[in-house]
Structures are given as structure tokens and as C-alpha cells.
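Enquirer: Dropping a structure here in C-alpha cells format, bear with me for questions.
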Amino acid sequence: MEREVRVRFAPSPTGPLHIGGVRTALYNYLFARKMGGKMLLRIEDTDQNRFVPGAEQYIAESLKWCGIELDESPWSETPGPHAPYRQSERKPMYMEYAMQLINSGHAYYAFDTPEELDAMRARLTAAKVPNPQYNSITRTQMRNSLTLPEDEVKQLLDSGSPYVIRLKVPRKEEVRFNDMIRGWVVVHSSSIDDKVLMKSDGMPTYHLANIVDDHLMEITHVIRGEEWLPSAPLHVLLYRYFGWEDTMPQFAHLPLLLKPDGTGKLSKRDGDRLGFPVFPLEWHGTDVETGQPTVSSGYRESGYLPDAFINFLAFLGWNPGSQQEIFSMPELIEAFSIERVSKSPARFDQNKVRWYNEHYLRAKPDTELAQFLLAALQEHNIACSAEKAVQIVGAMKERVTFPQDFWREAQYFFIAPESYDEQVISKKWNAATASALLEFAQELPAHSDTTPEGIKTLLTMVLERQGVKIGQVLQALRVVVTGVAAGPDLMAIMSILGAQETAQRITTAVERLASKISA
RNA sequence: GGUCCGUUCGUCUAGGGGUUAGGACAGUAGAUUUUCAUUCUACCAACAGGGGUUCGAUUCCCCUACGGACUACCA
């Protein structure tokens, strides 16, 4: 019988989730939904030293913002069939499994102190050993249950001496697995070291906990970052020694996300260095060295729409094979397949995310966009009707990238200009223009038709009477009304502003600019 | 150093033994627009190098170069 597809996203709560992690979660989610399976989240918090308060909530909030839904997680209202979903809460069960390996001869106790380990590595390095590690050769010279007499081991254990449990990796054996993205990967066991399975603090390492939990949680596909590829053979060995090979999940190692500049994988530090977010949400942390509070910017706070962010992220390392660029989440699910994930790493493209954002912003109905403007206006204590806000965003939407641009670039709809674009004034302001515009302003309030067309009719009429061409005064009129040289259709602006306000602004400006008239 | 992974326009990528090597973003130019933008059109621009295999290789194989990941009682 076909097993139900079950995938997991397994972050550790050591800080904010960065976009690479979000992409991993996204691909897991798309795959699960596409296959009609389940998506679960497990918190990998086996390293108590690296625990960061707030990180777990951050992960939850990030995924929620992205629209990545979880079928099973530590935050579900109902516990879920494999609860708990935090490894720290599963602690008691790991030792049992480690013992299973000890009993079957695939693992052993090691009593070496950190100093002894360092000394061993130093010795091997000095001897120019190509690959210094705790392995089938070196373990014969270390203090472990393989070299020590049985009664001494027992005595050490009984006396509570600190110890770890290590995997006994075979000396020469080929370990292979078929990666869904990379095909067959073959590694010789001699290059794998005797990894620690249980730490001296009684917690399992990632390697043990990961395999035990994936097995218990009936995970069918492990989709994770490429940084895990080197340890995948070790995991295969673990499945084998536990006798779980027949239900071992299929692996898919995702290509890395690279820094936009230079080389290397994108790291948490790159964000502020490059002036664009690497985190989905803003993060308030502390600098590890100075202890000072730090703020890292997030896509959400920067004005990115979740749909745009997700669409962009999905295309970083995957493509549908068609020429379609715009995909909603349901469309992504429909089109997604692991086979179409590329092998090579992808670099960030800030222009592309912006483009996606502009696209998604323009696709939104004006009534929805108006909410962004209305919210900003409320912050500034400016009253505005919903209808007016809809009109304004309708006029502005073709020229903004972020929702906050509406307020930033449309302030003149609410606040009369205090200054006027210098360049336009010095070029276009003259006596003829001033008198024509003044006449226009005088007649405007009595003009009945204040639609953009109606206003244009009046303006044309006045200008004809004055013998001035429209092209000569329009830029000046725009600056006089808005203060700036760029913006949407001027007739629409004046229409939204209303006849009174427009006329007022023109008269004020004519007075203020009297001295600027060039002869 | 060792092990593993990768390499098509500036970027994200399609393609695949015979193609004018396609698209998108960015860039440039033009058209539209009373401004800026939008929109439209055009242009620019790539198979890392060397060997094989083959009638033919960007595509398959090998080597080199370059890049990256991993190499902890971190995940």
C-alpha cells in the first residue's frame, strides 16, 4: 500500500528564520499539498545553549504570514498523533533508542574529555593525516567501551562519569542513497566519523533525534537544505542499524541560497549589510558580542505582500517549465514537483522581488489598497472618506512599489505644498502663466463640472482666452497644486482635491511666487 | 587539507546530440503620455576551459579550473 506522504519542516529556535529556511518550509508545504499529504513542523531544540527566546513564536508567525499551513505542529490546538513536536519534550525516548544501538553493537560509550579530543585532533593534524576524526582507526586509541575493560566501563558508568554515545561507523563500506534532486550519492564510510549520538548532558544530537523522530512521525520525504548532504550517508547508516531501512524517507537536498554579492551562502548577517531584508519578519535581537539590542528588517515590515514574496521565493531554485511567472499559492501547489528543483545554488535578485511586489500590488482592488492609505492617514490624524482614498490609490497604484508609498507620495492630496519644485519654477514660471492660472483659479469655484474632464474643459477655455498653449503652463500648474514635478494625471488630482482647494492653492502659490517671475 | 555537491545572458532560469540557444528581472533605445510612472516595441546579453565519444556536442563521458557545502558533545 502507498504510504501517505508526510513531510516535516524542522527548524531550531536559535534566532529568526531566514529566507532560506522559509523556502525550505515552502517547498515542503507545496510538495505535501501537491501529493495530498501532511505537512508537519518539529522544533529541533536539542541544543539548550543556543536557545533564543522568541524564536519559536517568530517561526510560527513567519509561516503564518507566508500562508504556509501546518497539519501537525507544537502549536496546534489539538495535540496531533505524534505529539509532542518539540525535541526537548521528547527527551526521555532518545536514550532508549541509543541503547538499542549499543546493544546491537552499532554504538558505544566514549569517555574522552574535550581536552583529550583536542589532543587527538592536534596529533593527527601534526601527523598530516588527511582527515582527522574519531573513526574506526582512532577509536582504538581513545577511552571508550571498545578499548576499556568491561568492568572499568561499568564502573565509570556507575560512578556517573560524563560520557557520550557514539555511532560505530564501519571501516570500509559504501553508503549510497538516491537523492530526488541529485540522483545517486555515494560516500565511503571511511570518510564518516563516529558521530556523537547522545551528548553528555543527556540530550541527543541532531543526527539521532532526527532519525528517531522522522521514523516515529512516519516521515516519507525529507526535504532540506544542501548543508545536510554530507551527513545524509550517516543518516542512512542509522536507518539501517535501527532496522528501518524499508521505511526510510526519500531525501531531497535543496540548493543553497547565495548572498546577492560575493560568494557563500546567505547568512543572517547579510541583511543589514546589504540594505534589504533576509528575514520574513522584523526581528528584535541582541548583539552577541556587545549585548546591545539589534533590529533586523523584515519583508513584511518593508511592505512586501506575502503573495509576492512567496511567488518570488518559489522561483528561487524551482520553475514550472512554462513561461508563466505569476503563481498564486494554489497554482504553485498544482505546478510544483521536486524533479523541477534545480541542483545549482541561486542568488538573490532584489529587482525581481520588487517587480513581483509591484505586480501583486497593482493586481489588488483599489478598495483593498485604500486601506493602507487610510491606516497611514489615521496615524497622522487626517480625516478622509473611503471614497476619496479609493480614488487616490486608483490614481497612484501604477507608480508605487510598496503600500507605504501611497502615503509618502500622495501627501499633497491632504497637505497643501509649502515649497515648489525649483527646476520647474525656474523654467516654467512667468507672468503669462501666472495670470492665466490666476484667472483659472478665479473661475474654478463657480464651475459646475468638477470631473477631470470638466476641469480640463474650463482650463482649456481660460487658456485659449489668454492665448497661452496648454503645454506651456501644465507643468507649472502641477507644481503649484502639488509642489512636485511628478505624479498622476493632473486633472484627476484637481478633481479629487476639489475646486475650492485647488483654487486656493493656485492663488496662494501665485502670491508666493511673485518674486520668481523672470522678465 | 579531506569528503561531497555544483557551473547556460549581470540575475532567476528554459532547453537539450543538428535550435536564429527561449522567457522573466535589470540595462539601453524608441513609441504613447501635458509631467513622472505605467503600457507597448525593439535592442543588448550566456552554454567556464581542455580532451574524448560521435557525421555532428552547449547537451553524453573524463580531466582541469572556479565556486560552494560539510568537516563540533550546533543544528
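The values are calculated or read from the model by the stated rules, or taken from the named source; none is laboratory data. Note that the structure is predicted; figures quoted are calculated from it, not measured. Positions of Cβ are backbone-derived with ideal geometry, glycine not excepted, and every protein chain shown enters the neighbour counts. For the accessible areas, the whole protein counts, side chains as well, though only heavy atoms, and no ligand, DNA or RNA atoms are used. Shrake-Rupley method; radii C 1.70, N 1.55, O 1.52, S 1.80 Å.
Enquirer: Hey, what do the phi angles of the stretch A:286-297 turn into as Karplus ³J(HN,Hα) couplings, whole Hz, using 6.51/-1.76/1.60 and θ = phi - 60°, x for Gly and Pro?
Expert: For the stretch A:286-297, the Karplus-derived couplings read 10, 5, 5, 7, 9, x, 6, x, 10, 10, 10, 6 Hz, x marking Gly and Pro.
Enquirer: Counting other Cβ atoms within 10 Å of each Cβ, which trypsin sites (Lys or Arg not before Pro) in the stretch A:245-325 have at most 15 and sit in a DSSP loop? If you can, show how the numbers build up before the last one.
Expert: Numbers: sites: A:LYS265, A:LYS268, A:ARG269, A:ARG273, A:ARG300; in loops: A:LYS268, A:ARG269.
Sparse-neighbourhood loop trypsin sites (Lys or Arg not before Pro): A:ARG269.
Enquirer: With unit charges on the beta carbons (Lys and Arg positive, Asp and Glu negative) and the dipole taken about the Cα centre of the stretch A:367-516, which residue among A:VAL510, A:SER448, A:SER426 sits farthest to the positive side?
Expert: Selected residue: A:SER426.
Enquirer: Could you work out how far the C-alpha centroid of the stretch A:327-357 sits from that of the stretch A:274-318, in angstrom?
Expert: 17
Enquirer: Using the Cα centre of chain A as origin and beta-carbon charges of +1 (Lys, Arg) and -1 (Asp, Glu), tell me which of A:TYR94, A:VAL5, A:LEU148 is placed farthest towards the positive end of the dipole.
Expert: Selected residue: A:LEU148.
Enquirer: Rounded to the nearest 500 deg cm²/dmol, what is the calculated helix-only ellipticity per residue at 222 nm for chain A, with -39500 (n - 2.57) per DSSP H run of length n ≥ 4? Could the numbers behind the result be given before it?
Expert: Working: 21 runs with 225 residues, N = 519.
Estimated from H runs of four or more residues: -13000 deg cm²/dmol.
Enquirer: Using a 1.4 Å probe over the heavy atoms of the protein chains, calculate the carbon and sulfur portion of the accessible area of the stretch A:375-519 as a whole percent. Can you show the working numbers first?
Expert: Values: 3670 of 7200 Å².
The computed percentage sits at 51.
Enquirer: Specify which residue in the list A:ASN131, A:PHE309, A:SER200 is farthest towards the positive end of the charge dipole of chain A, using unit charges on the beta carbon of Lys, Arg (+1) and Asp, Glu (-1), about the Cα centre.
Expert: The residue sitting most towards the positive pole is A:ASN131.
Enquirer: Where the centre of each part is set by its Cα atoms, how far does the stretch A:192-223 sit from the stretch A:77-127, in angstrom?
Expert: Between the Cα centre of the stretch A:192-223 and that of the stretch A:77-127, the gap is 8 Å.
Enquirer: Name the residues whose placed amide hydrogens come within less than 5 Å of the amide hydrogen of A:ARG143, ignoring near sequence neighbours (fewer than 5 apart) on the same chain.
Expert: A:PHE111, A:ASP112
Enquirer: OK, next. Leaving out same-chain residues fewer than 8 places away, which aspartates and glutamates sit with a Cα under 14 Å from that of A:LYS352?
Expert: Straight-distance partners of A:LYS352: A:ASP307, A:GLU325.
Enquirer: What list of ³J(HN,Hα) couplings, whole Hz, do you get for the stretch A:204-221 from phi and the Karplus terms 6.51, -1.76, 1.60, once you set θ to phi - 60° and write x for glycine and proline?
Expert: x, 7, 3, 4, 5, 4, 4, 5, 4, 5, 4, 5, 4, 8, 6, 6, 9, 9
Enquirer: Please compute the per residue accessible area over chain A with all protein chains in place, 1.4 Å probe, rounded to a whole number of Å².
Expert: Details: 24660 Å² over 519 residues.
On a per-residue basis, 48 Å².
Enquirer: Next question. Gain in length, A:LYS154 to A:GLU69, computed as 0.36 nm per residue apart minus the alpha-carbon separation, to one decimal in nm?
Expert: Additional length available on full extension: 25.7 nm.
Enquirer: Here is a further query. Near A:VAL424, within a Cβ-to-Cβ distance under 13 Å, what is the net charge of the other residues, with Lys and Arg +1 and Asp and Glu -1?
Expert: Summing Lys/Arg as +1 and Asp/Glu as -1 gives +2.
Enquirer: Net charge within 12 Å of A:TYR206 by Cβ-Cβ distance, Lys/Arg positive one each and Asp/Glu negative one each, not counting A:TYR206 itself?
Expert: So the environment of A:TYR206 carries a net charge of -1.
Enquirer: Let me ask something else about it. What's the magnitude of the charge dipole for chain A around its Cα centre, counting Lys and Arg as +1 and Asp and Glu as -1 at the beta-carbon? Answer in Debye, nearest 20.
Expert: Here chain A has a charge dipole of around 1260 debye.
Enquirer: Which ³J(HN,Hα) values, rounded to whole Hz and listed in residue order, are derived for the stretch A:483-499 from phi using the Karplus coefficients 6.51, -1.76 and 1.60 in 6.51 cos²θ - 1.76 cosθ + 1.60 with θ = phi - 60°, glycine and proline given as x?
Expert: Ordered by residue, 3J(HN,Hα) equals x, 10, 8, 10, x, x, 3, 5, 5, 5, 4, 5, 5, 5, 4, x, 4 Hz.
Enquirer: Could you state how much accessible area A:CYS384 has, in square angstrom rounded to the nearest 10, with a 1.4 Å probe and all protein chains kept in place?
Expert: So the heavy atoms of A:CYS384 present about 40 Å² to solvent.
Enquirer: What lysines does A:LYS516 reach when the alpha-carbon gap must be under 28 Å and sequence neighbours fewer than 8 apart in one chain are set aside?
Expert: Once the sequence-local lysines are set aside, what remains near A:LYS516 is A:LYS427, A:LYS428, A:LYS456, A:LYS469.
Enquirer: For the stretch A:6-94, just say rounded, prolate or oblate: build the C-alpha gyration tensor, square-root its eigenvalues into a ≥ b ≥ c, call rounded for a/c under 1.5, and beyond that prolate if a/b exceeds b/c, oblate if not. It would help to have the intermediate numbers written out before the result.
Expert: Values: a/c = 1.86, a/b = 1.21, b/c = 1.53.
Because a/c hits 1.5 or more and a/b fails to exceed b/c, the stretch A:6-94 counts as oblate.
Enquirer: Right, next: Please report, as a whole percent, how much of the solvent-accessible surface of the stretch A:270-360 comes from carbon and sulfur atoms (probe radius 1.4 Å).
Expert: On the way: 2140 of 4520 Å².
Here it works out to 47 percent.
Enquirer: What is the set of long-range amide H partners of A:LEU41 at a cut-off below 5 Å, with H atoms built 1.01 Å from backbone N?
Expert: Answer set, sorted by chain and number: A:PHE9, A:GLU72, A:SER73.
Enquirer: Then there is this: Compute the separation of the alpha-carbon centres of the stretch A:374-453 and the stretch A:22-53 and state it in Å as a whole number.
Expert: Each part's Cα centre sits 48 Å from the other's.
Enquirer: So how long is each side of chain A along the principal axes, counting just the alpha-carbon atoms, biggest first, in Å?
Expert: So the three principal-axis extents are 112, 53, 39 Å.
Enquirer: Can I ask one more? Would you pull out the residues with amide H under 5 Å of A:ARG347's amide H, same chain only if 5 or more places away, H placed 1.01 Å from N?
Expert: HN-HN under 5 Å from A:ARG347: A:LEU258.
Enquirer: Please give the net charge around A:PRO320, taking every other residue with its beta carbon less than 11 angstrom from that of A:PRO320, where Lys and Arg add +1 and Asp and Glu add -1.
Expert: So the surrounding residues net to -2.
Enquirer: Could you compute the longest span of chain A free of GluC sites (Glu not before Pro) located in DSSP loops and having at most 10 other Cβ atoms within 10 Å, not counting the site residues?
Expert: My reading of the result: A:78-288 is the longest stretch.
Enquirer: In degrees between 0 and 90, to the nearest 10, how far off the longest principal axis of chain A does helix A:386-396 point, with axes built from Cα atoms?
Expert: Long axis of A:386-396 versus the principal axis of chain A: about 80 degrees.
Enquirer: With 24 Å as the limit, write out which pairs from A:LYS128/A:LYS172; A:LYS91/A:LYS168; A:LYS34/A:LYS259 have Cα-Cα distances beyond it, or answer none.
Expert: A:LYS34/A:LYS259
Enquirer: Still on this structure, I have one more. Only sites in a loop by DSSP and with at most 10 other Cβ atoms within 10 Å count here; which trypsin sites (Lys or Arg not before Pro) in the stretch A:43-139 make the cut?
Expert: When the trypsin sites (Lys or Arg not before Pro) of the stretch A:43-139 are filtered for loop state and at most 10 Cβ neighbours within 10 Å, A:LYS128 remain.
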